[in-house]
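Computed from the coordinates by the stated procedures, all read-outs in this text should not be read as laboratory data. The model shown is predicted, which means the values in this text are computed figures rather than measured ones. So basically every Cβ, Gly included, is an ideal-geometry build from the backbone, and we count neighbours across all protein chains shown.
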Amino acid sequence: MSAAAVLSVRALRVGFGASAPVVRGVSFELAAGECLAIVGESGSGKSVTARSLLGLAGANARVEADRLELGGQSVLGLTDRAWRVRRGKDVGLVLQDALVSLDPLRPIGREIADSLRLHTTLGAAARARRVLELLDAVGLSNPELQVQKRSGQLSGGERQRALIAAAIALNPPLLIADEPTTALDVTVQAQILALLEQIKLSGTAVLLVSHDLAVVSRIADRVAVMHDGLLIETGRTERVLVAPQHEQTRRMVAAVPADKPRGTRLSLAASMPLAPAPIVSARADSTRPTASKPDAAVVRETVVLEAIGLSHSFRRPDGSRQLAVDDVSFSLLRGHTLGIVGESGSGKTTTARLLLALLPLEQGDVQLFGQAWSSVSEKRRRRRRASVGAIYQDSLGSFDPRWSVGEILTDALGRALPQTRSARRSPENLARLTTLLDEVGLAATVLPRRPLELSGGQRQRVGIARALAGRPDILICDEPVSSLDVSVQAQVLDLLDDVQRERELSLIFISHDLGVVQHVSDEVVVMRSGRVVESGSAARVFTAPEHAYSAQLLAAVPRLPG
Amino acid sequence: MSDLAQQAELTTRSGQSGQPLRLGVAEGMAGVLGLFLLISAVAPQFLAPGDPLGIDPLAAFAPPSFAHGFGTDESGRDIYTRVVHGTQYSLVIGVAATAIGLGLGIVLGTLAGMLGRVVDFTVNRFLEVLFAFPGLLLALLFILVFGPGVATATIAVGLSTAPGYARIIRGQLIAVRGAAFVEAATVLGRTRWQILLRHILPNTLAPLFVLATLGVGQAIVWAATLSYLGLGAEPPTAEWGAMLSAGRTYITSAWWMSFFPGLFIVLTAVTATVLGRSIDRRMRHA
Amino acid sequence: MVEPVTPANRRRDGLARPVFRALGRLGARLAGAIFVLWAVASITFFAVRLIPGDPAQAVLGGPGSQASPEALAAVSAEYGFDQPVFTQYLTQLGRLATGDLGRSYSLNMDVGPLVLDQLGGTLLLAVLALSLAWVIALALATWSTRGGLVAARVGSSLEIVAAALPHFWLATSLIVVFSIWIGVLPPISTDSLAGLVLPVLTLAVPLAGFLGQIMRESLLIALESPFVLSARARGESERGVRWVHALRHASLPAISLSGWAFGSLISGAVVVETIFARPGLGRTLLNAVTLRDVPVVIGVVMIVAVAYILMTLLTDAVSRLVDPRLRLS
């Protein structure tokens, strides 16, 4: 195997400046026609590892290794000039989000032709021909037309294909793809993965770097799990995913929400020292957590929030109007979670803002507990706003940057509280804040800190605490876990599950991630281009979708084997 | 002589590129200079005990020496003493002009940013028109109408900086108004007034402190320019621009008469820029 | 009645949209420019009305001239000062629309030819200074982003100091050094090339400091963007990365600021032309303000406004040329 290895790395160490090394001794080999996936969470050192293989770890990086061989030749300590000859020819790189990974000022044809210009003696006409061939090979329809366009004029999938075309222009024996599908919609993601697999099958060695176990399981032959600068587990993909050996791998596998029944805990206890002890018994039989009153059945079916024929349109720059939400109806039952799922541009976020009465409705109505909600004046609505909380994807942006966590939560606890400094520090207020923080698994030490100083998971917990402060009946969560690492995502999903049960909350859960929606929802609404294409119980929609689009979405969802 | 509006935008942008926060050499030097200028303005006799207007014809046109660090002028007045004593004129003019410009800018910018599309459109067109009087032109027009002098020059400089401030404040207001945290406050049931007072105004006005710091340096340069052109303070006032203007006649023989007052203008402007940016960076990361 | 679909009108449909949109944009721009000019004219007209005292007196050399009542009346009639203000305003607008800028009080000649005569020298100065500022700024930005930490520090300090230099002090200092001490360049601007060096330098250096700050900032951002990493991964050299990708991005904000920069250069010309005794709009304006020669002030202001508007249109066009994304929206 070693003789045929396209890439051979032994004890790779990378550090920056005087700080501790980011990569602390990584070894792996990669053969032609093989795909190895390096999987890890943010900060694990996976991207730095990938970039070191191109000599692009950075100007102030210290790269050391016992062995670092590309195509059987050592590339340790190469000068930049020597590296340049190899980049693009011996190894190609595909980055995340081609909107910014291709020069937005230049046509994609020029970008792709650059590799040929730098490494071959082909003339302009020959280069142009080769570019068209390449675009055709990566499955871009109408190459003659597309070659003139710039990344901003192409769809996400098209420009990712163009970026791949630029990376494989010279047929490099090794292709490194760093989060190549991360910003893409799930159906496009599946297409790009298929393209990468095709490249692999043509004999190219593919090194895939990703945070998403489920995604890489589709095409990777082997998986290497990276954690804290080390490869903690390497093996055949099925073996690693079905029978993970290392604690951290088990944690990551457990955190993948798709196909895990509603109520199953995603985060293993060891990984969440801050969270309160889960109340397991209540969910043992996965029944709804309603009070055991005689009329429980009636209460269960109470509609708390109803959307009736919602429509909203945006004005385009040229003055015409575009429907963002078109005749959308659904109802949320007490204690249930309604998942809204759709790809980018499907109108999910606009729907959330309509539910929160932040946008004017053009048609239709939103009713809260059977009473008009969106059609009344803001003044009358304001008193009832406490019963509807919201959690946002960009939790950092949803906090006033000038406020500390203590100020944010004190403010959310109610206007009745005096806003003076001494009042904020009063024992009663502190007690209330501590209780609230305790519920979301945060210590009181975060109170004086600003959201900017917190981690993504901590911020989202503060966001949940703020939403809970007004004792709401309904929580509207717009992509609440989309920007979080998978293990943090698991903790936040578990936390939402806990608070929902304890407070008998009803949830609207909006996400592009079918796996997440499947895990959390009782009912599901599938949206596309502003319309509802299918709705029904999660169990039904996810097992026997009626609409072709739902089926297509479902088929594209990356799942773990087994 | 760069425009303040552009400077401020630049500052805002450079604040985001994540430069290290430790106290740089430049910031330290600017701090010391700032302190020196402040003492010069508040208690000039502490740094230069002489009389800034005291003449000594026997010592006229003395080049820089041990007795007269910056030399003397045509009447034998000590340039160093005059420069130190002139600080308060220049600083007061600069601060006053900035206050006028910033005040007008706040009014115009807030009108445009808060009162809906029609007002915004109108104010924007008005600002566009004012921008067609670039730089000193608006100030010169004002002086044409109201005549030269320290007061008119100050107001004139304030006026000509106002459109730049207005544009920044409007942009800042619109950005803050559309921020996610404003929406979050609405969801929490806050009224428009509460949101305005607790979120929008503080987040819009806090950066103005930085703007003002940068602006004072700029305003001093402009006011000195007007004095130099004979439209502001007049000799023998120890205002820096006026001193330079007086030194112009003797440029071939007594370069120090022009050099040192100008040097102080430059140092003041640089100090203001460095301090303004430093404050900005700290506020952003605090 | 339904129009039959012929190849001709299908082609028209296909072409009409972009062409109409471009024409519409041009029309809107033109309307905007005319509006600004009208507003500039109106503001100056009414501002000038605020000047205390009899304008006829100003024509005859100010209050000190002891003009006879007859002479004042004659001047009032000649210049229309006896008319109602609104009539005067309309007359003024009408004259401006036909390009008649009136007659100078102090120079006893028509303002139009006077101002046009002075325009060339100032434009030459401004264009040369703008170009030189761009060259210096580009050189400083590229050098300071390449030479490591020390170069970055030195570069940014130079830029801050340069941007803070007042024109009048820079000009006098340059004269002292190059004309008096070294004696290589004339202290008074002549038509010769040597005479242009110091005025152009005076205008260019502060502007270069300012543009340089902006360019360095955007160059740093561009050099760290993913598309530059992609280019490097293709084997692009450091020079290629800069010339093919980064500098183009870095120049965008500086281009869009050049319209403003041009305006500030014209206002800087007031100082520079005065110090170097160079004929031009700036000096004419300063003299007119000092002598309260109202028609000349209005004339210069109008010409500057026109030049400023044209320059903004030009920088807009250049921006669209360099950044194709602007053409799409």
- prompt: By DSSP, what percent of the beta bridges with both residues in the protein assembly as shown are antiparallel, rounded to the nearest 5?
  reply: 55
query: For the protein assembly as shown, with the dipole built from +1 on Lys and Arg beta-carbon atoms and -1 on Asp and Glu ones, taken about the Cα centre, which of C:Ser68, C:Leu149, B:Leu244 lies farthest toward the positive end?
result: C:Leu149
- request: Could you please rank A:Thr445, B:Thr225, B:Thr271, placing first whichever residue has the fewest other Cβ atoms within 10 Å of its Cβ?
  value: A:Thr445, B:Thr271, B:Thr225
- prompt: Can you give the relative contact order of chain B as a percent, counting alpha carbon pairs under 8 Å and 6+ residues apart?
  reply: 25
message: Loop only by DSSP, 16 or fewer other Cβ within 10 Å of the Cβ. Give me the chymotrypsin sites (Phe, Trp or Tyr not before Pro) in the stretch A:310-398 that pass, ordered by residue number.
response: A:Phe369
query: So which aspartates and glutamates pass the test for A:Lys149, namely a Cα distance under 12 Å, with those fewer than 8 places away in the same chain ruled out?
result: A:Asp103, A:Glu111, A:Glu158
task: Set the Förster distance to 45 Å, then compute FRET efficiency between A:Arg559 and A:Leu358 from the Cβ-Cβ distance, nearest 0.05.
output: 0.80
Cα-centred dipole magnitude for the protein assembly as shown, charges only on beta-carbon of K, R (+1) and D, E (-1), debye, nearest 20: 1560
task: Please find, in a Gaussian network model of chain B (springs between Cα atoms separated by less than 10 Å), the residue of B:Gly76, B:Gly232, B:Gly105 whose mean-square fluctuation is greatest.
output: B:Gly76
- request: Enter the angle in degrees (range 0 to 90, nearest 10) between the Cα long axis of helix C:7-49 and the first principal axis of the Cα atoms of chain C, meaning the one along which they spread out most.
  value: 40
- prompt: Where does helix C:148-164 land angle-wise versus the long Cα axis of chain C, in degrees 0 to 90, nearest 10?
  reply: 10
field: Shielding by partners, peptide C:37-43 (average Cβ within 10 angstrom, other chains)
entry: 3
- request: Grab the other residues whose beta carbon is less than 15 angstrom from that of A:Trp373, score K and R as +1, D and E as -1, and report the net.
  value: +4
- prompt: Can you pull the mean other chain C-beta count within 10 Å for peptide C:213-224?
  reply: 3
- prompt: Rounded to the nearest whole Å³, what is the per residue volume of the convex hull around the Cα atoms of the stretch A:1-44?
  reply: 82
task: Could you work out the local net charge near B:Leu102, counting Lys and Arg as +1, Asp and Glu as -1, over the other residues with Cβ closer than 14 Å to its Cβ?
output: +2
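Looking at the calculated P(r) for the stretch C:111-326, what percent of the C-alpha pair distances fall above 29 Å?
Working: 8144 of 23220 pairs.
Taking all Cα-Cα pairs of the stretch C:111-326, the fraction more than 29 Å apart is 35 percent.
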task: Project the alpha carbons of the protein assembly as shown onto their principal axes and report the range along each, largest first, in whole Å.
output: 108, 82, 73
statement: The local net charge around B:Leu226, scoring Lys/Arg +1 and Asp/Glu -1 for residues other than B:Leu226 whose Cβ lies under 13 Å from its Cβ, equals -2
Partners for A:Lys200 among lysines (Cα-Cα distance below 23 Å; same-chain residues under 8 apart left out): A:Lys46, A:Lys89
task: Given the options B:Leu111, B:Leu275, B:Leu211, state which has the largest fluctuation in a GNM of chain B using a 10 Å cut-off (strictly under) for Cα springs.
output: B:Leu111
- prompt: Mean Kyte-Doolittle of at least -1.0 and a Cα length of 20 Å or more along the axis: which whole DSSP H helices of chain B meet both?
  reply: B:25-42, B:79-114, B:116-131, B:150-177, B:201-228, B:256-285
- prompt: How high is the relative contact order of chain C, in percent, counting Cα pairs under 8 Å that sit 6 or more residues apart?
  reply: 21
query: In percent, how large is the relative contact order of the stretch C:24-97, given Cα pairs closer than 8 Å and 6 or more residues apart?
result: 28
- prompt: Which semi-axes, in whole Å and largest first, does the equivalent ellipsoid of the stretch A:98-171 have when worked out from the alpha carbon gyration tensor as the square roots of 5 times its eigenvalues?
  reply: 18, 12, 11
query: Looking only at Cα atoms, what is the convex hull volume of chain A per residue, in Å³?
result: 179
task: Kindly express, to the nearest 10 degrees and within the range 0 to 90, the angle between helix C:193-223's C-alpha long axis and the longest C-alpha principal axis of chain C.
output: 40
query: Within chain A, what percent of beta bridges assigned by DSSP are antiparallel, to the nearest 5?
result: 55
query: Quick one: if the Förster radius is 30 Å, what FRET efficiency do B:Leu115 and A:Ser483 give, using the C-beta to C-beta distance and rounding to 0.05?
result: 0.25
field: Three-way shape call for the stretch A:325-376 based on the alpha-carbon gyration tensor, with the a/c threshold at 1.5
entry: oblate
- prompt: Which trypsin sites (Lys or Arg not before Pro) does the stretch C:268-329 hold that lie in a coil by DSSP with at most 16 other beta carbons within 10 Å?
  reply: none
query: Hey, how much of the P(r) for the stretch B:2-285 falls beyond 37 Å, as a percent of Cα pairs?
result: 23
